[in-house]
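This report concerns only the one structure given below.
Please treat every number below as a calculation from the coordinates, not as lab data. Here the structure is a predicted model, which means the values were calculated and not measured. Here Cβ is always computed from backbone atoms with ideal geometry, including for glycine, and neighbour counts include all displayed protein chains.
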């Protein structure tokens with residue numbers, strides 16, 4: 001089970017995902033196509049997809065994130081894609097990652113942190129948020145794609161404390177209407193504390 005992912009600006013949290021089977025047939029080639037379409041380094045997009053779902057279109061998080069790129073329905077709507085459709089899910093994730101790379105001036109670490117925790121969290125902390133999950137997420141993807149995180153046409157920086165521009169406009173429209181999972185998070189933390197204390 002995946003650990004807690006906080007995406008405060010997107011208004012959702014993910015506590016793990018379920019899905020039947022392994023990688024969805026055809027996902028790898030669609031990732032290559034989407035990377036070319038949205039000018040995202042292919043190794044970077046592949047590493048994100050592997051980290052998010054193991055390339056499994058059937059992966060669904062407990063918070064409702066869907067598919068290979070683990071798009072929330074509200075995020076998918078903002079991107080104009082159907083998250084249940086394999087091609088559109090991958091294109092939506094590539095489009096979002098491309099927008100985040102542009103927003104953070106090619107800084108891969110910040111774009112990944114924003115994909116995982118939301119641009120609001122990146123702005124709030126002036127870099128990668130201090131969430132263990134987000135820090136591990138960024139490190140794992142950078143390790144997986146290595147030098148493939150950049151291309152000559154997309155120079156990238158991995159400076160974690162670069163200046164952070166304002167979040168993308170379409171994110172702000174989801175934060176007010178998204179459910180508040182704070183009570184569930186607090187209940188989970190309290191339950192975990194009890195388990196730790198009982199040991």
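Sorting 29, 98, 109, 53 by the number of Cβ atoms found within 10 Å of their own Cβ, with the fewest placed first, yields 29, 98, 109, 53.
Label reach from residue 85 (point 7 Å along Cα→C-beta): in segment 49-66, amide nitrogens under 18 Å belong to 57-58, 66.
Taking the number of Cβ atoms within 10 Å of each Cβ as an exposure proxy, the fewest-first ranking of 131, 125 is 125, 131.
Each residue in 31, 60 was given a count of other beta-carbon atoms within 10 angstrom of its own, and listing them fewest first yields 60, 31.
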